[in-house]
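The next block holds one structure in the form of structure tokens; read it before the comments.
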Amino acid sequence: MTASPFDHPFLSGLVGDDEIAPYFSAEADLRAMLSFEAALAKAEAAHGVLPGEAARKIAEACAGFSPDLASLRAATARDGVVVPDFIKQLRAAVGEEAGKSLHFGATSQDVIDTSLMIRLKAIAFLFAGRLSAIVKGLDALERLFGGNRLMGHTRMQAAIAITAADRLAAWRAPLTTYRDRLTEQNFPVQFGGAAGTLDKLGPQAAAVRASLAQELGLTDIGQWQSTRLVIADLAGLFASISGSLGKIGQDIALLAQAGDEIEMAGGGTSSAMAHKQNPVAAEVLVSLARFNATALSGIHQSLVHEQERSGAAWTLEWLLLPQMTMATAASLRLAGELAGNIKRLGSA
């Protein structure tokens, strides 16, 4: 039993996503944090900040390191972040001499934010692929039913006759925009040190950050530890995606209510009324759209970072962004299934 429906034993069958959920596991987070530490050591060695032998030992330790999760949990309760105990454990694995070079010039936020960007970049790639698949599904429906007649509605009232192609075009148009935005989205490295100034690296700071970003396959920008537009922009894109998919879900639910303009496979059954075929996926798309619209306001609250770092605003992101990502994943999954389950749209 869990408090989140996204990984609940049975609710996750409705709103979960088996492909995306692993990116928010402790294992995935720790792998990305280890990637950060190995890449940082390599970048600093390349610019003469630390010895090459130390970087080699750090990379070797990171490749085979498995932390004590119980210790990480207890330390996070005390410190508010996992990184101090994580680095303490990793430093012991690296060895005393090379351990002095581990995490040099970095701070907890650098590790945690960069881990998030590594994982979100992979997720965005998968989301773009799903959007492409949904667009292809809508294209196929247009080829089959585009000339069929639908009644257009404005303000929930019958208006004039339109074609199924007109409705499908309205569904499809924003999805191609979102797909392009996802493929063009920047996922930046976070590397600012104690207060965003990279003070320990002196004149080598910018060069090390650029090499670190290149090593991790991320974008090199100035520190953003207290200016969270990176997070807000991505959350806004997720809310827009689920919102547009929610519009599709709402339209399909209304078409199913009328009963004569759409034929669907795969509807849900009722425990009380055996004759019913409920538009479950369409309804859940609406719920997920409203969930993300609500959660986005919290992300916008987290833009208020006091001074150089905020523990409160940062923690709020941890509570909201993973769930928004999972809601978007479920929206994309369900929309793809819905497009494939439409057997007839409109009337000839």
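The values are calculated or read from the model by the stated rules, or taken from the named source; none is laboratory data. A quick note: this is a predicted structure, and the numbers were derived from the prediction, not measured. Here the Cβ is made from the backbone with ideal geometry for all residues, glycine too, and neighbour counts use every protein chain on show.
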Single residue of region 222-236 satisfying the filter (surrounded by fewer than 20 Cβ atoms within 10 Å (Cβ to Cβ) and aliphatic (A, V, I, L, M)) that is farthest from Ala293 (Cα to Cα): Leu229
Would you call Ala63 exposed (fewer than 14 other Cβ atoms within 10 Å of the Cβ), aliphatic (A, V, I, L, M) and at pLDDT 95 or above? yes
For Glu37, only one of the following conditions fails: (1) of a type outside the set (Ser, Thr, Tyr); (2) in contact with a Cys (Cβ under 7 Å, 6 or more places away or on another chain); (3) in a loop (DSSP other than H, G, I, E, B). What is its number? (3)
Looking at region 186-195, is at least one residue within 26 Å of Ala239 (Cα to Cα) and outside any loop (DSSP other than H, G, I, E, B)? yes
Return the pairs, sorted by first residue and then second, in which the second residue is part of a loop (DSSP other than H, G, I, E, B), the first residue lies in region 46-67 and is touching a residue at least 60 places away in the same chain (Cβ under 8 Å), the beta carbons are less than 9 Å apart, and the residues are 6+ apart or on different chains. Val49/Ser101; Val49/Phe104; Val49/Gly105
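Residues are listed down the side, and each one gets a yes or a no for (1) out of contact with any helix residue (DSSP H, G or I) (no Cβ under 6 Å at 6 or more places or on another chain); (2) farther than 30 Å from Val111 by Cα; (3) among the hydrophobic types (A, V, I, L, M, F, W, C); (4) not in a helix (DSSP H, G or I):
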{"site": "Ile221", "(1), (2), (3), (4)": "yes, no, yes, yes"}
{"site": "Thr227", "(1), (2), (3), (4)": "yes, no, no, yes"}
{"site": "Val230", "(1), (2), (3), (4)": "yes, no, yes, no"}
{"site": "Asp233", "(1), (2), (3), (4)": "yes, no, no, no"}
{"site": "Gly243", "(1), (2), (3), (4)": "no, yes, no, no"}
{"site": "Lys247", "(1), (2), (3), (4)": "yes, yes, no, no"}
For region 209-219, what are the residues that are under 30 Å from Ala289 (Cβ atoms) and part of a loop (DSSP other than H, G, I, E, B)? Leu218
State the number of residues belonging to region 276-319 that are in contact with a helix residue (DSSP H, G or I) (Cβ under 7 Å, 6 or more places away or on another chain), under 19 Å from Asp233 (Cβ atoms) and without any contact (Cβ under 8 Å) to a residue 40 or more places away in the chain. 4
I'd like the residue in region 83-136 that is among the aromatic types (Phe, Trp, Tyr) and part of a helix (DSSP H, G or I) and, out of all such residues, is nearest to Gln185 (Cα to Cα). Phe125
Given the options Asp18, Asp29, name the one that is in a loop (DSSP other than H, G, I, E, B) and either of a type in the set (D, E, K, R) or under 14 Å from the mean Cα position of the chain (by Cα) (or both). Asp18
Inside region 170-219, can you point out the residues that are among the aliphatic types (A, V, I, L, M) and either touching a Cys at 6+ places or on another chain (Cβ under 9 Å) or surrounded by fewer than 18 Cβ atoms within 10 Å (Cβ to Cβ) (or both)? Ala170, Ala173, Ala194, Ala195, Ala206, Ala207, Ala210
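State yes or no: is Ala28 in contact (Cβ under 8 Å) with a residue 24 or more places away in the chain, in contact with a Pro (Cβ under 7 Å, 6 or more places away or on another chain) and surrounded by fewer than 19 Cβ atoms within 10 Å (Cβ to Cβ)?
Answer is yes for this residue.
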Right, Gly147: part of a loop (DSSP other than H, G, I, E, B), touching a strand residue (DSSP E or B) at 6+ places or on another chain (Cβ under 9 Å), in contact (Cβ under 8 Å) with a residue 60 or more places away in the chain and not charged (D, E, K, R) or not? yes
Arg73 vs (1) surrounded by 15 or more Cβ atoms within 10 Å (Cβ to Cβ); (2) of a type outside the set (Gly, Ala, Ser); (3) under 26 Å from the mean Cα position of the chain (by Cα): all pass except (1)
Test: residue in region 327-334 that is over 13 Å from the mean Cα position of the chain (by Cα) and of a type outside the set (Ser, Thr, Tyr): yes
